[in-house]
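All remarks here apply to the structure that follows.
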Amino acid sequence: MDIEQKVAGFTPEGEAVVIYTMRNAKGCEVELCNIGAGIAAVRVPDRNGKLDNVALGYQNPLDYISDGPCCGKVPGRYANRIAKGRFEIDGKEYRLAINNGPNALHGGPTGFANQLWEGRVEENRVIFSLDSADGHEGYPGALYVEAVYDWDDDNRLELTLLAQTDSATVLNLTNHAYFNLAGEGSGSVLDHTLKLNASYYLPTDQSLVPTGELAPVEGTPMDFRTAKVIGRDIKQEFEALIFGKGYDNCWPIDGWEKGKVQQAAELHSEVSGRTLKVYTDQPAAQVYTGNWLEGCPVGRCGRSYNDYDGVAIECQGYPDAPNKPNFPSQLLRKGERYERHIIFEFCAE
């Protein structure tokens, strides 16, 4: 494994923006950025052996700061939505910034995705770390977080998310990479096929906060138990698709058990022959078909992305779990260790 690092620019505060390039024995690469501990590029072969970048990313690394799509980054403290920016721990209410309709999204305007993480190389891995102060963006507890990336010769990218707190808090970490297996900048992903290990999905209100129900996917456009083309049903007159302008929902993973890594999803491009298999020990996967990408910063391809140019498969806890007692808890207490795993495995056929 070869790991290079280079300074790609400086923030307005004069801090270095660093890109880490991990190159395996096959010459396949992953680029990581210390803004948001993000995935900036993934270069893997198609069925003919041609390398191409399959992860959306920006031409100017500084554009990762406060971008709307949260492209490739690790959002937090709480990925996804918390209803009305409020939750309670042990009877005490905490209030967060409202930054997505009436709700709090991805930890707020200065959340983890918009922070400059401390990066370091240890042997064959890249480790990003972040200290989050008690009260930052309204969240209780001083929190220490690590995002650890491993890239192997089988084109498996593993992200291990670790955290500890000095007092009770809520925490939901994921990665928000957008993939296009025909190549970044090649156009819409609505021709990709997707399979999900999920018999239920979480219906939401119009602001995309879960109602608390688990609804069967059977007989609905939300059914991906058998692989199907993403765009096949996306224009149906179905409430979830109308609310999100496409897919932007959470699917609980069948057979989830705490600490058990299993396959959550499989994405395939017939154009390139590339397949992405996603494994995790997280309880759910949020699938977002890039419904609001238009107007984002200029991508690596030299233009701004259009809606549906990438799909994010965000393995995570349930949205708004702090306000839904029937959802798996995302509470982290002092003395407990938060550890979650997400694996992206690339192949071509």
So for the chain, averaging the separation of alpha carbon pairs under 8 Å that are six or more residues apart and normalising by length, what relative contact order in percent results?
19
Residues whose modelled amide H sits under 5 Å from the amide H of ALA168, counting only those 5 or more places away in sequence or on another chain, are LYS334
Could you give the length gained on full extension between ARG86 and LYS235, defined as 0.36 nm per residue of separation minus the Cα-Cα distance, in nm?
50.3 nm
Pull out the extension gain between THR226 and LYS334, defined as 0.36 nm times the separation in residues minus the alpha carbon to alpha carbon distance; nm, one decimal.
34.7 nm
Find out how many positive minus negative residues lie around LYS334, taking Lys and Arg as positive, Asp and Glu as negative, among other residues whose Cβ is under 13 Å from that of LYS334.
-2
Whichever aspartates and glutamates have a C-alpha closer than 16 Å to that of LYS334, once near sequence neighbours (fewer than 8 apart) are set aside
ASP90, ASP131, ASP134, ASP166
Calculate what fraction, in whole %, of the accessible area of the stretch 1-152 sits on carbon and sulfur atoms when a 1.4 Å probe is rolled over the protein chains.
45
Within a Cβ distance under 12 Å of ALA182, other residues only, what is the Lys/Arg minus Asp/Glu net charge?
-3
Virtual paramagnetic centre 7 Å along Cα→Cβ of ARG120, amide N under 12 Å, in the stretch 127-169
127-130
Histogram of C-alpha separations across the chain, 10 Å bin width, %:
6, 27, 37, 24, 6, 0
Return the calculated 222 nm mean residue ellipticity for the chain, to the nearest 500 deg cm²/dmol, obtained by summing -39500 (n - 2.57) across DSSP H runs with n ≥ 4 and dividing by the residue count.
-500 deg cm²/dmol
Gaussian network model of the chain, springs between alpha carbon atoms under 10 Å - residue of VAL74, VAL54, VAL261 with greatest fluctuation
VAL261
Please give the per residue accessible area of the chain, computed with a probe of 1.4 Å over protein heavy atoms only, in Å².
39
With a point put 7 Å past each Cα toward its Cβ, work out how far TYR144 is from GLU270 in nm, to one decimal.
5.1
Around ILE242, with a cut-off of 13 angstrom between Cβ atoms, what is the net charge of the other residues, counting Lys and Arg +1 and Asp and Glu -1?
-3
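The values are calculated or read from the model by the stated rules, or taken from the named source; none is laboratory data. In this text, all values refer to a predicted model and were calculated from it rather than measured experimentally. Neighbour counts are summed over all protein chains in view; Cβ atoms, including those assigned to glycine, are modelled from backbone coordinates with ideal geometry. To get the accessible areas, we keep the full protein, side chains included, count just its heavy atoms, and leave off ligands, DNA and RNA. Shrake-Rupley method; radii C 1.70, N 1.55, O 1.52, S 1.80 Å.
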